[in-house]
1. Return the residue satisfying two criteria in turn: it lies in region 85-133 and is among the aromatic types (Phe, Trp, Tyr) and closer than 17 Å to SER162 by Cβ, and of such residues it is surrounded by the fewest Cβ atoms within 10 Å (Cβ to Cβ).
2. Look at region 320-336 and say how many of its residues are assigned to a loop (DSSP other than H, G, I, E, B) and closer than 12 Å to LEU361 by Cβ.
3. Go through region 27-48 and give me each residue that's surrounded by 15 or more Cβ atoms within 10 Å (Cβ to Cβ), more than 16 Å from LEU119 (Cα to Cα) and not aliphatic (A, V, I, L, M).
4. How many of the residues making up region 186-209 are more than 17 Å from the chain's Cα centre (by Cα) and either at pLDDT 95 or above or crowded, with 17+ Cβ neighbours inside 10 Å (or both)?
5. I'd like the residue in region 191-222 that is touching a helix residue (DSSP H, G or I) at 6+ places or on another chain (Cβ under 8 Å) and not in a loop (DSSP other than H, G, I, E, B) and, out of all such residues, is nearest to LEU150 (Cα to Cα).
6. Here are some conditions: (1) assigned to a loop (DSSP other than H, G, I, E, B); (2) among the small types (Gly, Ala, Ser); (3) surrounded by 16 or more Cβ atoms within 10 Å (Cβ to Cβ). GLY359 meets all but one. Which one does it not meet?
7. Please pick out the residue among VAL175, VAL129 that is in contact with a Ser or Thr (Cβ under 9 Å, 6 or more places away or on another chain), part of a loop (DSSP other than H, G, I, E, B) and of a type in the set (A, V, I, L, M).
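The values are calculated or read from the model by the stated rules, or taken from the named source; none is laboratory data. Bear in mind that the values here come from a model prediction, so they are computed numbers and not experimental data. Neighbour counts are summed over all protein chains in view; Cβ atoms, including those assigned to glycine, are modelled from backbone coordinates with ideal geometry.
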Amino acid sequence: MALLLFFITLLQFSSISNQQQQPLLPSLERDSVFSVLAAVNSAVPWRTLFPDDDFCSDPPHGVVCDYFYESLNSTEPDSVHITEMSFGFISDYSTNPPCSLNSTIDPVLFSAFSYLRKLFFYKCFTGDVPVSFSGGVLPAFGSSLEELVLVDNTALVVSIESLFGNFTNLRRAIVTGNGVYGQIPEWISDSGELEEITFSRNRINGQIPASLSKLKKLKILDLSGNFLDGFVPEPIGNLTELLKLDLSFNRISGRIPESYRNLQKLEFLDLSFNRFGNFGIPKFVTEIPKLKEVYLSGNLLGGEIPERWEKVEGLSAIGFSGMGLTGNIPPSMAVHLRSLSYLGLDGNNLEGRLPPEFGFLKTLNEINLENNNLSGRVPFSSNFSAKIGGKLKLRGNPDLCVDEELKNVKNGSILGKMKLCYQSNIIDQIFLNGFSSSSSSSSFFFFLFFLFFIDV
C-alpha cells in the first residue's frame with residue numbers, strides 16, 4: 001500500500017512538473033489578444049474570465065493556441081502562439097466569442113500575431129459606421145495566414161486590392177456578404193496555394209481576370225452576386241481541379257466557353273442570371289461525368305434541350321428557366337438521369353407533350369414546367385402526383401389537361417384546377433375497345449369526326 005501511494009505521489013509530481021515546463025504565451029501576444037477581444041465585444045470581462053498568466057491553458061472558444069518545437073528531435077515545446085481566431089456566434093455548438101453592435105477591429109490584429117493561420121469574422125460588423133479591414137500588416141502575418149473568412153459583415157468596407165494585398169500564402173479566401181468593392185487584381189494569382197476563392201455577395205466589378213487560370217490547386221471559384229461584366233475567360237477551363245464554379249447573378253455577356261469541357265472534376269456549375277448570348281446550351285454540360293448540379297437560368301441562350309444525357313447520369317438538379325428554349329422535352333433526360341431531384345424548365349417556349357418517363361423517377365421532388373406551350377394529357381400516375389404535390393408546377397400551359405383521377409390529387413397539387421381531357425378520353429376509348437365487326441363503319445365515322453373536327 002505504501003509503495004502504491006509512493007507511485008501516485010510520483011506521478012502527480014511529474015504531472016505538475018510537466019505543466020510547469022509548458023511555455024507561456026508571450027506577453028505582447030497575450031495583451032494583444034485581449035485588445036482584439038475587447039474591440040469585438042467590450043461588454044465581456046475577458047481578463048476576468050480567462051487566466052492572464054497562462055491564457056493558452058484555457059482560452060475562449062474560437063481562439064486556438066499551438067505549441068511549437070524548434071527541432072524535430074525536441075521532446076518539449078519551445079514556444080506557444082495563437083494560430084486561430086474566430087469571432088461571431090454561429091450556433092450553440094460553435095460558441096465563438098460573440099460580437100456586439102459596436103464591434104470594431106483593433107489594428108494590433110495585423111501586427112501582433114505572426115503565427116496566425118486562420119481568421120474568421122461572422123456577422124460582427126453590421127452597424128451604420130463602416131469598419132475598415134486594414135492596418136500595418138507585418139510580413140510575417142501576411143505570410144502565415146492560410147484561411148481568411150469574412151461572412152455577412154455588411155459594414156466591413158474595403159477594396160479587394162487592399163484586403164488581399166498583404167497575404168501571400170492563403171489557401172482559402174471566403175469573403176461573402178460584405179462591403180468589399182473594386183476589381184479583382186491580376187496579381188491575386190500569385191498566391192499559388194489558393195484552393196478556394198469565394199467572393200460572393202459583395203460589390204466587386206470589372207472583368208474576371210484570366211490570370212485566375214494560374215491557380216492550379218483551385219477547387220472552388222464563387223464570384224456570384226457581384227457586378228462583374230465583360231466576357232468570361234476561356235483559360236478558366238484550365239482549372240482542372242475545380243469542383244465548384246459559381247458566377248451567377250452578375251452581368252457577364254458573350255458566349256459560355258466550350259473550353260469548360262476540360263473541367264472534368266466539376267460537380268457544381270451555376271452561370272444563371274447573367275447576360276450570355278443566344279448561342280444555345282453549351283455541349284459540355286452533358287459531357288462532364290461528375291456534374292451533379294447545373295444552373296443556367298435567366299440567360300437567353302435559346303435553342304433546344306440536348307438529347308444526349310448518358311454521360312451525366314449523376315445529375316441531381318437542372319435549372320434551365322427563362323432561357324428562351326424551344327422544341328420538345330426529350331424523354332432521354334428521364335431515361336438517363338435516374339438521380340434527378342429537381343428540374344426547372346419554366347418560362348421557356350417548350351411545346352409538345354410531357355414525357356411520361358419522368359413519372360418513374362423515384363428521386364424527383366420538384367418539376368417546374370410553368371409558362372410554356374405544352375399540350376396534351378398529364379401522363380403521371382396519381383401516386384407520383386400526390387408524392388410531389390405542389391412541387392409539380394404546370395401553370396401557364398393552357399393546352400394541358402388531366403384525367404378525372406388526377407383531379408382528385410391533394411397535397412397542394414395544381415392538378416385539381418386543370419381542365420379535364422374529355423375529348424382525349426373518348427378517342428382513347430375508341431382505340432382501347434377497337435372497332436367491333438357489327439358496327440365498324442359507324443365507329444370509324446365517329447372516330448374521324450373527332451379526329452378532324454375536335455381539337456384534342
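1. Result: PHE110.
2. Summing the residues that are assigned to a loop (DSSP other than H, G, I, E, B) and closer than 12 Å to LEU361 by Cβ in region 320-336 gives 1.
3. If the condition is that a residue be surrounded by 15 or more Cβ atoms within 10 Å (Cβ to Cβ), more than 16 Å from LEU119 (Cα to Cα) and not aliphatic (A, V, I, L, M), then ARG30, ASP31, ASN41, TRP46 are the ones that fit.
4. The qualifying residues number 11.
5. The residue in question is ILE197.
6. Failing condition for GLY359: (1).
7. The conditions single out VAL129.
The rows are residues; the columns are (1) on the phi > 0 side of the Ramachandran plot; (2) in a loop (DSSP other than H, G, I, E, B); (3) among the hydrophobic types (A, V, I, L, M, F, W, C).
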| site | (1), (2), (3) |
| --- | --- |
| ARG30 | no, no, no |
| PHE34 | no, no, yes |
| ARG47 | no, no, no |
| CYS65 | no, no, yes |
| PHE89 | no, yes, yes |
| LEU109 | no, no, yes |
| CYS124 | no, yes, yes |
